[in-house]
Amino acid sequence: MSTETSIQRISAFRDLMAKAGIKATIIPRTDPHLSEYISDHWHIVRYLTGFTGSAGTLVITDRGAYLWVDSRYFLQGETQTRGAGIELMKEGLPGVPTINQFLCDTLAKGDTVGINGMLMSADDTAKIRSLLDRHGINLNVNFDPIDNVWADRPALPDGPVFVHEVKYAGESAADKLATLRKDTAEAGASAYFTSALDEIAWILNIRSTDVPYNPVATSFLYVGPDEARLFIDSAKLTPEVEKYLTETGVQTASYGSALEFLASLPQSVTVLLSGSRASGAVASALEGHCVFGDSPLALPKAIKNAIQMQGIRDAHVRDGVYMVRSIKEIKEIVESGRPLTEIGVADILERNRRTDSLFFDLSFDSICGFGANGAIVHYSATPESDTALATDNLLLIDSGANYLDATTDITRTIALGTPTADMRHDFTLVMKGHIAIATSVFPEGTRGHQLDAMARMPLWKEGKSYLHGTGHGVGHFLNVHEGPQSIRLNDTMAPLMPGMLTSNEPGVYLEGRYGIRCENLVLTVPYETTEFGRFFAFETVTMCPFDRALFDTSIMSHEEIEWINNYHRTVYDRLAPSLTEDERAWLADATAPLEK
């Protein structure tokens, strides 16, 4: 998008603010379900600014425009908004205020801030309302003029719903609903309402195509003691799905009627909401008879059952075959001197994964960054930025797929040509952190932030670091980013529990030079029980070799080298039966033992 177009669109939006008496507006990059990944209908931030990252919040005032982004998008944000009159606000850096602080410092008593109340969580709405009140600033939660600016706005998604079979899900929707009702009652409520699309997909064992890379259906769900009501566009429901929902005890109602239904509930019905996942508008509709607490679905969804865990292991073997096949092809093309670009790499990965009988879709837009582009943490090649590969730098590939039996997410850094000593040194520092997480043993109750420094320490000792988290939860044929657990510096207060699937992905990024990230997925599993309690460990499920040419064994311990060799031996043993003779020979070389 041209900077001129962005300037015009923001100006038109600002004119509507002036007519409504709004001095500033907050536009989060989300939807009424507070999703990270959203349908085209809700890409308001992208429409106004041209910024395509998966996280960011736009603030427009009567005099300026400001885009808050986290460290993953510092470089991308600068590139995509340059010249559009948008000031990039780099979250977490010294001197950068929070949005709430900025508004209180910028606006005057009596001014009004406008938001769409469906696009901000109940927790955040209450927080900003309280802060603005103390400064005499008003909050209008019904400001939503985007349709008057975005004339050709895409319609709401209408993908058909289908049932995710129990042979993959491992538990019926009826059983999950029964557990939810019990947990809701124990939380002191008589009903639970969720806007979270991944929660709805998980508990009802339904999937759809409404959001790119996330197999969810646009809907809301109310579960009372004797009823369950799914708010969804009826055009999305086939007769088979309607029959399935009826047999499961789920009624349906129109998507747009959710708030009206909630407002009509008797005051005697106490509805449990997650303050971070339900919008302020939902909380307002239930004013006086809702209670806030942790989502009762977060942990059951994150803790995979035995059938799901076996599906995860099986899918990662198949995905490993496609990764080996792809990396072999990529290296051979580049080494032969034939042309190949970053988009071409993504196409190879997708082509190979699509051969799987259980393939549904990619789990996110593949990140294929060569050289300096690899230093942009969430880089996504466009026709304008698409770079040709050469034999003089590193290629960072972060990709994954949604299969009916699992979701995968893997990152490999590949040397094209002969890597420099600096590349090998930096790669090995990252792998030392990766191995530290992979081999960690920890007592029950340990949270991810208590392990995070282990991944960073080899880098920290040399004055290097990375600003993203070390690991995020991963769904089961669902969203590639899933809570509540994570491995990161800030504490999410969620312990790592057996059955949780989490990424292990330290990295380092040298702006203008190259980026390095090494990612496997790990299952939390029981380790041992002693007089000091239960201890857990990680089982690595991702099956794909790391590039041997990038290891500097002179700075590795014998234990670290042994872990790599054992991992590579496992990779070969599990993948070889599904490979051709030529592919097996390539993998044998790729997994040959490292030596000190």
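When only alpha carbons are used to place a centre, the range 335-386 and the range 31-81 end up 23 Å from one another. Backbone amide hydrogens, once placed in the peptide plane, bring Thr112 within less than 5 Å of Lys23, Ala24, Asn138, excluding anything fewer than 5 places away on its chain. The packing ranking of peptides 107-117, 189-199, 524-534, highest mean first, is 189-199, 107-117, 524-534, where packing means the average number of other beta carbon atoms within 10 angstrom of each residue. Which links in Lys301/Lys331; Lys236/Lys328; Lys461/Lys596; Lys331/Lys596; Lys90/Lys596 stretch past 32 Å when you go from one Cα to the other? Checking Cα-Cα distances, Lys301/Lys331; Lys236/Lys328; Lys90/Lys596 exceed 32 Å. Kindly identify the range 462-558 as rounded, prolate or oblate by the Cα gyration tensor criterion: order the square roots of the eigenvalues as a ≥ b ≥ c, call it rounded if a/c is under 1.5, otherwise compare a/b with b/c, prolate if a/b is larger, else oblate. Verdict is prolate for the range 462-558. Derived from the Cα gyration tensor, the three semi-axes of the equivalent ellipsoid of the range 505-578 are 27, 18, 14 Å, largest first. Over the chain, Cα pairs under 8 Å with separation of 6+ residues give a relative contact order of 11 percent. Each label was represented as a point 7 Å from its Cα along the Cα-to-Cβ direction; for Ser465 and Glu186 these points are 3.9 nm apart.
Any chance you could run the full-extension gain for His135 through Glu539? It's 0.36 nm times the residue separation minus the Cα-Cα distance, nm to one decimal.
Value of the extension gain: 140.3 nm.
In this calculation the C-beta distance from Glu227 to Leu489 is compared with R0 = 45 Å, giving a FRET efficiency of 0.55. Label-to-label distance for Arg569 and Asp158 is 5.8 nm, based on points extended 7 Å past Cα in the beta-carbon direction.
Carbon and sulfur atoms: what percent of the 1.4 Å accessible area of the chain do they account for? Working shown, then result.
On the way: 12060 of 23810 Å².
Answer for the chain: carbon and sulfur cover 51 percent of the accessible area.
Once you order the gyration tensor axes a ≥ b ≥ c over the Cα atoms, which shape class does the range 308-447 get: rounded for a/c under 1.5, otherwise prolate or oblate by comparing a/b with b/c? Oblate, since a/c reaches 1.5 and b/c is not below a/b. On the beta carbon distance between Glu335 and Ala108, with R0 = 51 Å, the FRET formula returns roughly 0.20. What the Cβ-Cβ distance of Thr418 and Arg313 gives, at R0 = 25 Å and to the nearest 0.05, is a FRET efficiency of 0.10. Once C-alpha pairs closer than 8 Å and six or more residues apart are averaged by separation and normalised to the residue number of the range 52-194, the relative contact order reads 14 percent. Across the range 387-479, Cα pairs under 8 Å and at least six residues apart give a relative contact order of 30 percent. Spin-label pair Thr382-Arg351: with each label point 7 Å from Cα along the Cα-Cβ axis, the two points sit 2.6 nm from one another. Taking a ≥ b ≥ c as the square roots of the eigenvalues of the Cα gyration tensor, the range 1-91 is classed as oblate, since a/c reaches at least 1.5 and a/b does not exceed b/c. Between (i) 19, 52, 27, 2; (ii) 13, 19, 16, 16, 19, 14, 2, 0; (iii) 15, 25, 21, 24, 13, 1, 0, which entry matches P(r) over Cα pairs in 20 Å bins from 0, in percent as derived from the coordinates of this structure? The calculated read-out lines up with (i). Accessible surface for the range 318-435, divided over its residues, is 32 Å² per residue with a 1.4 Å probe.
Sorting the segments 227-233, 472-478 by their mean number of nearby beta carbons within 10 angstrom, highest to lowest, gives 472-478, 227-233. The residue list Met1, Ile312, Ala346 was ranked by how far each Cα lies along the charge dipole of the chain toward its positive end, using unit charges on Cβ atoms, and Met1 comes out on top.
Computed from phi, the 3J(HN,Hα) profile of the range 483-491 under the Karplus parametrisation 6.51, -1.76, 1.60 (θ = phi - 60°) reads x, x, 7, 7, 10, 7, 5, 7, 7 Hz, with x in place of Gly and Pro. By DSSP, the beta bridges lying fully in the chain are antiparallel in about 75 percent of cases.
Note on the range 83-236: along the principal axes its Cα atoms extend 56, 42, 32 Å, ordered by decreasing extent. With protein chains left intact and a 1.4 Å probe, residues in the range 166-264 average 38 Å² of accessible area per residue. Highest-first packing order for the peptide set 355-364, 49-58 is 49-58, 355-364, based on the mean count of other beta carbon atoms within 10 Å. Annotation: amide H of Thr270 within the under-5 Å range of Ser190, Ala191, sequence separation 5 or more or interchain, hydrogens built in the peptide plane.
The values are calculated or read from the model by the stated rules, or taken from the named source; none is laboratory data. Computed from a predicted structure; not experimentally measured. Here the Cβ is made from the backbone with ideal geometry for all residues, glycine too, and neighbour counts use every protein chain on show. All accessible areas refer to the heavy atoms of the entire protein, side chains included, with ligands and DNA or RNA removed. Shrake-Rupley method; radii C 1.70, N 1.55, O 1.52, S 1.80 Å.
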